[in-house]
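These notes concern the structure reproduced below.
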Amino acid sequence: MRAELAPGRSDAFSDGGTSMAGGDPTKEARGLIDGGMNDEFASLSRGRMHFVTAGRGGGIVLLHGWPGLWFDYRHVLPRAARIGRCIAPDFYGFGDSDALTGDPVHAADEKSFARDILELLDWVGSDDVVVVGHDIGSAVGPALARLAPQRIRGLVLMNPTHPHIGDKRYTPDAQREAWYQAFHLLPVAEQLIDGKRRCVELYLTHFYEHWAGHNRIAPEELEFVIDAYARPGAFTSSIWWYRARAARRTQHETPTPIEIPTIALWGDRDPMRPLDHQEGFERAFPRSESRVLTGVGHFVPAESAAAVVEAIAELL
C-alpha cells in the first residue's frame with residue numbers, strides 16, 4: 001500500500017552545539033531539545049554503549065544513520081516521548097559509544113549491530129518495542145526483527161534498503177550518487193579526513209546539503225554532528241560499516257521475509273534512494289505500507305519528524 005503525505009515541518013530546536021572533544025556534548029545537545037531527555041551508558045559485551053532516553057510507556061528504539069548518531073532523532077524525541085519511552089543509542093564506533101575493535105567485516109555489519117541493540121534492550125528491560133530505522137538503522141532494524149521477532153512490535157523504516165533493490169543500485173545515476181561508498185573502502189579516506197576538523201566539515205556538509213529536501217539542517221545542528229565526527233578516530237570508525245557492508249554484499253544472501261507490521265517512509269527527494277527503489281519492498285516486508293513524503297530528502301527524522309511519530313504511534 002502506498003500513500004502520499006506532506007512532510008510537516010518539525011519543531012525548531014536549533015540552538016547550541018559543542019565539541020565532543022571537550023565538555024559534555026550530550027548535555028549541550030540536550031539544550032537543542034525541550035527537556036525530559038537523559039543520556040545513559042550501558043556496559044555490554046562489546047563495551048560501553050551510549051544512549052539517550054526520553055518519555056514513558058511502550059518502547060520506541062531509534063536507530064541512526066551515517067553521517068549521524070543518536071542526534072539524528074533530535075526532532076523526533078520530544079514528540080515521540082509523549083507517546084512512549086524512547087531509546088536512541090549510538091552504535092559502537094559512533095558518537096559516545098566505545099570504538100569498534102577487530103575485523104570490520106564481522107564487527108560492523110547489521111547482524112553485529114542488531115545483537116548489540118538486543119543486548120541493550122535486555123539491559124534496559126524493554127520488550128515489545130517499535131524499532132525505527134534511518135539509513136544504517138534501516139538495515140539494522142530488520143536484522144533485529146529477524147534475530148528476535150517476538151520482541152519487535154513493529155518497524156518504521158525510512159528510505160530503507162531491502163534485498164530486492166537488485167541491479168537498480170548499479171545504474172549510472174545510482175553509481176554517481178554512491179561514489180562515497182567505494183571511497184570509504186580505501187585507506188586514503190581515513191588518511192585524508194580522520195581527525196582533521198576542516199576536512200570533516202567540508203565532507204559531511206556536502207551530504208547534509210546534497211541529500212536534503214526542502215528542510216535543511218540548521219547550522220548549529222550541523223556543527224554538533226561535525227564536532228562528533230572530528231574527534232580523532234571517529235570518522236574511521238564510522239566507515240567500518242561500509243567495509244562490512246561491501247564484504248557481506250558479495251555473499252548474495254536473500255533473507256527471509258519479515259512478517260512484522262512495517263511502515264516505510266520514502267522521501268521523494270532522496271538522491272540515494274529514489275522512489276523506484278520501493279519496487280520489491282513488499283516482498284521483503286509482506287505486512288508493510290509505504291508512504292511517500294513530498295519534498296523530503298534523505299534525512300527523514302529531521303525533515304519530517306511529525307510523519308515519523310505518526311507512524312510510530314500507529315504501531316505502538
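The values are calculated or read from the model by the stated rules, or taken from the named source; none is laboratory data. Quick caveat, the model's predicted, so the values are computed rather than measured. Positions of Cβ are generated from backbone atoms using ideal geometry, with glycine treated the same way; all protein chains shown enter the neighbour counts.
Within segment 40-93, being basic (Lys, Arg), within 18 Å of residue 299 (Cβ to Cβ) and assigned to a loop (DSSP other than H, G, I, E, B) holds for one residue alone: 74. No other residue among 217, 165 is farther than 25 Å from residue 305 by Cα and in contact with a helix residue (DSSP H, G or I) (Cβ under 8 Å, 6 or more places away or on another chain) apart from 165. Is segment 291-302 home to any residue that is of a type outside the set (Ser, Thr, Tyr), closer than 19 Å to residue 169 by Cα and surrounded by fewer than 20 Cβ atoms within 10 Å (Cβ to Cβ)? Checked segment 291-302: no residue is of a type outside the set (Ser, Thr, Tyr), closer than 19 Å to residue 169 by Cα and surrounded by fewer than 20 Cβ atoms within 10 Å (Cβ to Cβ). Does segment 261-270 contain at least one residue that is surrounded by fewer than 17 Cβ atoms within 10 Å (Cβ to Cβ), modelled with pLDDT of 95 or more, in contact with a helix residue (DSSP H, G or I) (Cβ under 9 Å, 6 or more places away or on another chain) and not in a loop (DSSP other than H, G, I, E, B)? Within segment 261-270, not a single residue is surrounded by fewer than 17 Cβ atoms within 10 Å (Cβ to Cβ), modelled with pLDDT of 95 or more, in contact with a helix residue (DSSP H, G or I) (Cβ under 9 Å, 6 or more places away or on another chain) and not in a loop (DSSP other than H, G, I, E, B). Contact map, segment 93-119: first residue closer than 13 Å to residue 147 by Cβ and in contact (Cβ under 8 Å) with a residue 12 or more places away in the chain, second residue acidic (Asp, Glu) and surrounded by fewer than 19 Cβ atoms within 10 Å (Cβ to Cβ), Cβ cut-off under 7 Å, separation 6 or more or different chains; the map is empty. Kindly provide the set of residues from segment 56-72 that are farther than 21 Å from residue 200 by Cα, crowded, with 24+ Cβ neighbours inside 10 Å and not aliphatic (A, V, I, L, M), ordered by number. Selection gives nothing.
Among the residues here, residue 96 does not qualify as closer than 20 Å to residue 311 by Cα, assigned to a loop (DSSP other than H, G, I, E, B) and acidic (Asp, Glu).
So which residues in segment 179-208 are over 12 Å from residue 67 (Cβ atoms) and acidic (Asp, Glu), if there are any at all? Steps first, please.
Looking only at segment 179-208, we keep the residues that are over 12 Å from residue 67 (Cβ atoms), and these are 179, 181-183, 185-192, 194-199, 202.
Within segment 179-208, 190, 194 meet the criteria.
Please find, among 233, 195, the residue that is at positive phi, out of contact with any Asp or Glu (no Cβ under 7 Å at 6 or more places or on another chain) and in contact (Cβ under 8 Å) with a residue 24 or more places away in the chain. Break it down stepwise before answering.
Working: 233 fails: out of contact with any Asp or Glu (no Cβ under 7 Å at 6 or more places or on another chain).
Residue meeting the stated conditions: 195.
Inside segment 95-119, residues that are buried (at least 24 other Cβ atoms within 10 Å of the Cβ) and touching a His at 6+ places or on another chain (Cβ under 7 Å) make up a count of 2. Could you check segment 206-250 and list, in sequence order, the residues that are within 21 Å of residue 158 (Cα to Cα) and hydroxyl-bearing (Ser, Thr, Tyr)? Residues satisfying the conditions are 208, 238, 242.
Just the residues that are farther than 24 Å from residue 175 by Cα and surrounded by fewer than 16 Cβ atoms within 10 Å (Cβ to Cβ), please, taken from segment 271-290. Let's see the steps before the verdict.
Just the residues of segment 271-290 that are farther than 24 Å from residue 175 by Cα, to begin with: 282-283, 285-290.
Hits for segment 271-290 are 283, 286, 287.
Out of (1) at pLDDT 95 or above; (2) touching a Phe, Trp or Tyr at 6+ places or on another chain (Cβ under 7 Å); (3) surrounded by fewer than 24 Cβ atoms within 10 Å (Cβ to Cβ), what's the single condition that is false for residue 83? Failed condition: (2). Among the residues of segment 161-180, is any within 22 Å of residue 74 (Cα to Cα), of a type outside the set (Ser, Thr, Tyr) and buried (at least 22 other Cβ atoms within 10 Å of the Cβ)? The answer is no, given that none of the residues of segment 161-180 is within 22 Å of residue 74 (Cα to Cα), of a type outside the set (Ser, Thr, Tyr) and buried (at least 22 other Cβ atoms within 10 Å of the Cβ).
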